[in-house]
Amino acid sequence: MTMLYRSRDGAAVAVEDGRAVRLEDDWDALFNRPDLAAYLRRRLRGADGRASRWDPDRVPPAAPIAGQEVWAAGVTYYRSRDARIEESRDAGGGDFYARVYEAARPELFFKATPHRVVGHRDRVRIRRDSRWNVPEPELALAVNSAGRIIGFTICNDMSSRDIEGENPLYLPQAKVYDRCCALGPGILVAARPLPRSTAVRMEIRRAGRRVFSGATTLARLKRSPESLVAWLFRENRFPAGCFLSTGTGIVPPDRFSLRPGDRIRISIPPIGTLENEVE
Ligand code: DO4
Ligand code: MG
């Protein structure tokens, strides 16, 4: 299992079994190498005697992104469909969510440019003009410019539920703002899909106390990663590749809203844990 991290000075770091090799390659060029997995394995083998240890919790990496756009899929789990119907009931938007859950064409939306993205242990933000905010713990696909899934990471798709619930046309404002997205801690480089039994877990702590925890599995994801990528790449080129977050299956109860100081931990076992504090 090879992980690809981005250090705070911008260098790529390949890690296998805790052994790390620092690469001088340009991040975007590396991301788009057709032979990425084999290349990283070769570099790790070649560095055998000189490889150092690497622990993303001791020296938190930067978000694993340089020139990539971040896109997201929505209403891909029944739980998200239900929550959205409820939050938009007064706006009459509920029917749209039920229909998109069943439709052939998925909901895909633009989430973030690289400067809006933070990494593991950085701070995410909630909008000052919103009173109801949640994190959305999601599996994100790393996709190269040829449309091939090269690996997997964790995305926190921060969302302002009161803004999107007031009117579905406000979705870009509910989703896209400074530090609205966390990605990391690194990319699990793997061409094969993750098992459907893969767990996604989220815990939120406030002043040291757990105020929310939830879990789901990829078996509940209604659409396949490959079909989401195929829809995204219709009529769109991504010269540096992109990330596509696959939607949330965990939504805290309606009475819950994030507060400054809350710590959000999202775990997807083969990838690791993404932890962020709310500013
Ligand atoms: O339709 C609104 C956003 C949906 C979303 O972000 C999700 O289901 O994860
Ligand atoms: Mg989402």
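Please identify the pairs in which a residue from the stretch 238-259 that is closer than 30 Å to Gly147 by Cβ and among the aromatic types (Phe, Trp, Tyr) has its Cβ atom under 6 Å from the Cβ atom of a residue that is open to solvent by less than 10 Å² (accessible area, probe 1.4 Å) and in a loop (DSSP other than H, G, I, E, B), counting only partners at least 6 apart or on another chain. Close Cβ pairs (under 6 Å, with a partner that is open to solvent by less than 10 Å² (accessible area, probe 1.4 Å) and in a loop (DSSP other than H, G, I, E, B)) amount to Phe243/Gln68. Looking only at residues of the stretch 52-90 that are of a type in the set (Val, Ile, Thr), more than 14 Å from ligand 2 (Cβ to nearest atom) and assigned to a loop (DSSP other than H, G, I, E, B), we find that the one that is most open to solvent (accessible area, probe 1.4 Å) is Val59. Considering the stretch 202-219, the residues that are among the β-branched types (Val, Ile, Thr) and either in contact (Cβ under 8 Å) with a residue 40 or more places away in the chain or open to solvent by less than 10 Å² (accessible area, probe 1.4 Å) (or both) include one that is nearest to ligand 2 (Cβ to nearest atom), namely Thr216. Out of all the residues in the stretch 145-161, is one or more of a type in the set (A, V, I, L, M), within 16 Å of ligand 1 (Cβ to nearest atom), over 21 Å from Arg6 (Cα atoms) and touching a Gly at 6+ places or on another chain (Cβ under 8 Å)? Within the stretch 145-161, not a single residue is of a type in the set (A, V, I, L, M), within 16 Å of ligand 1 (Cβ to nearest atom), over 21 Å from Arg6 (Cα atoms) and touching a Gly at 6+ places or on another chain (Cβ under 8 Å).
Within the stretch 98-117, is even one residue over 23 Å from Glu226 (Cβ atoms) and within 16 Å of ligand 2 (Cβ to nearest atom)? Among the residues of the stretch 98-117, at least one is over 23 Å from Glu226 (Cβ atoms) and within 16 Å of ligand 2 (Cβ to nearest atom), which makes the answer yes. When Ala191, Ala182, Ala199 are checked against the criterion of being touching a Pro at 6+ places or on another chain (Cβ under 9 Å) and open to solvent by 10 Å² or more (accessible area, probe 1.4 Å), Ala199 stands alone in meeting it.
Does Ala146 fit the bill of being in contact (Cβ under 8 Å) with a residue 40 or more places away in the chain, farther than 18 Å from Leu108 by Cα and more than 16 Å from ligand 2 (Cβ to nearest atom)? For Ala146, the condition - in contact (Cβ under 8 Å) with a residue 40 or more places away in the chain, farther than 18 Å from Leu108 by Cα and more than 16 Å from ligand 2 (Cβ to nearest atom) - is met. If the condition is being more than 16 Å from the chain's Cα centre (by Cα), of a type in the set (A, V, I, L, M) and surrounded by 20 or more Cβ atoms within 10 Å (Cβ to Cβ), then the stretch 135-170 contributes only Ile163. The strands (runs of 3 or more DSSP E) found entirely in the stretch 220-279 that carry 2 or more residues being surrounded by fewer than 21 Cβ atoms within 10 Å (Cβ to Cβ) are 263-268, 272-278. None of Phe96, Phe109 is modelled with pLDDT of 95 or more, open to solvent by 10 Å² or more (accessible area, probe 1.4 Å), out of contact with any His (no Cβ under 9 Å at 6 or more places or on another chain) and within 12 Å of ligand 1 (Cβ to nearest atom) except Phe109.
Looking only at residues in the stretch 239-268 that are of a type outside the set (A, V, I, L, M, F, W, C) and within 14 Å of ligand 2 (Cβ to nearest atom), the one that is farthest from Glu107 (Cα to Cα) is Pro252.
So, Leu44, is that one in contact with a Phe, Trp or Tyr (Cβ under 9 Å, 6 or more places away or on another chain) and assigned to a helix (DSSP H, G or I) or not? Criteria not met by Leu44.
The values are calculated or read from the model by the stated rules, or taken from the named source; none is laboratory data. From a predicted model like this one, the values you see are computed outputs, not experimental measurements. Please note: Cβ atoms are built from the backbone with ideal geometry, for glycine as well, and neighbour counts cover all protein chains shown. Heavy atoms of the whole protein, side chains included, go into the accessibility calculation; ligands, DNA and RNA do not. Shrake-Rupley method; radii C 1.70, N 1.55, O 1.52, S 1.80 Å.
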